1. Quick one: which strands (runs of 3 or more DSSP E) lie wholly within segment 205-244 and hold at least 1 residues that are touching a Phe, Trp or Tyr at 6+ places or on another chain (Cβ under 7 Å)?
2. Collect the residues in segment 36-77 that are in a loop (DSSP other than H, G, I, E, B) and of a type in the set (Asp, Glu), keeping them in residue-number order.
3. Suppose we keep only residues that are loosely packed, with under 13 Cβ neighbours inside 10 Å and modelled with pLDDT of 95 or more within segment 151-171. Which one would you say is nearest to ALA217 (Cα to Cα)?
4. Give segment 99-134 a look and list any residue that's at pLDDT below 70, within 25 Å of ASN174 (Cβ to Cβ) and not charged (D, E, K, R), or say none.
5. Among LEU157, LEU219, LEU138, which is hydrophobic (A, V, I, L, M, F, W, C) and in the same structural domain as ASP38 (by TED's automatic domain parsing)?
Amino acid sequence: MRFMLHTALRLALMMPAAVIAADLGIMPVAVQLGPQHDRATVQIVNHGTTPMILQAEAIAWQRHNGVDRDAPTSDLIVNPPVFTVQPGRTQIVRLGLRRASAEAAKESTYRLVLREVPAPQDAETHAVQGNVRVLVALRVPVYVAPAVVARDERWQLRRQADGAVVAEVSNAGNVHLKIATLRLHDGVTAQTLSAEAIVGAVLFPGEARSIQLKPNAALGSGPHTLEVLTDRGPQYVALSLPSD
């Protein structure tokens with residue numbers, strides 16, 4: 001399923017100059033590649049009223065001790081690298097996997113970076129009119145799956161000393177886990193919402209995360225159902241919350 005990502009960078013500043021922002025649409029918002037699917041396209045739509053010049057490049061997306069880092073890469077082909085999108089028009093950017101991924105034991109992660117290139121006349125026009133130009137910079141995740149995909153997410157619940165409930169997850173698989181929202185329900189029928197949390201995180205293989213849940217009511221011990229909203233759809237995990 002494809003989603004439209006709108007970048008409406010509307011800033012209200014306490015200053016005389018007006019702030020002009022771009023309005024782009026991108027789909028899909030994440031790219032999946034693999035041994036059997038080594039080509040993909042990304043559509044960029046200009047919803048604004050002026051032409052936009054964009055530069056596209058691929059970078060390696062790495063993470064060390066929980067900190068994201070960018071690194072140059074030649075694993076992906078991006079075409080075209082520079083282009084202009086007219087108002088109301090769509091530009092197709094093609095991605096290709098240069099290297100073979102069959103030997104990889106786990107998923108490789110990249111980003112397609114789209115940066116707006118200011119036209120020379122823009123600086124002069126906005127300077128005369130007293131406007132501030134906000135340039136677009138977008139990053140689209142690119143995931144390259146190994147030949148054999150193994151998903152293994154391990155969840156558990158625990159109660160902190162202050163009574164707060166925490167959901168813990170470790171990604172023991174070889175591909176990423178993207179968590180949008182957690183919802184904890186009483187019992188095994190997933191009907192009564194007891195606690196929830198907005199997460200918005202991507203766990204790489206081998207990573208773990210502790211997430212504190214915001215309770216809607218008192219949480220007792222016993223069976224619960226954890227609803228995990230991911231980029232692959234909802235998942236339901238039967239868990240027990242230990243007693244105090």
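The values are calculated or read from the model by the stated rules, or taken from the named source; none is laboratory data. Worth saying up front: this structure is predicted, and the values here are computed from it rather than measured. Neighbour counts are summed over all protein chains in view; Cβ atoms, including those assigned to glycine, are modelled from backbone coordinates with ideal geometry.
1. Because the criterion is at least 1 residues that are touching a Phe, Trp or Tyr at 6+ places or on another chain (Cβ under 7 Å), the strands (runs of 3 or more DSSP E) in segment 205-244 that meet it are 222-230, 233-241.
2. ASP38, ASP75
3. Among them, the one singled out is ARG154.
4. If the condition is that a residue be at pLDDT below 70, within 25 Å of ASN174 (Cβ to Cβ) and not charged (D, E, K, R), then ALA100, SER101, ALA102 are the ones that fit.
5. Criteria check complete, one pass: LEU138.
Per-residue answers, yes or no, for (1) aliphatic (A, V, I, L, M); (2) within 24 Å of the chain's Cα centre (by Cα); (3) in the same structural domain as GLY34 (by TED's automatic domain parsing):
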residue	(1), (2), (3)
GLU168	no, yes, no
GLY173	no, yes, no
ILE198	yes, yes, no
PHE204	no, yes, no
SER210	no, yes, no
HIS224	no, no, no
VAL228	yes, yes, no
ARG232	no, yes, no
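Conditions tested, residue by residue: (1) of a type in the set (D, E, K, R); (2) modelled with pLDDT under 95; (3) farther than 16 Å from ARG151 by Cα.
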residue	(1), (2), (3)
GLY173	no, no, no
LYS178	yes, no, no
VAL188	no, yes, yes
GLY220	no, yes, yes
TYR236	no, yes, no
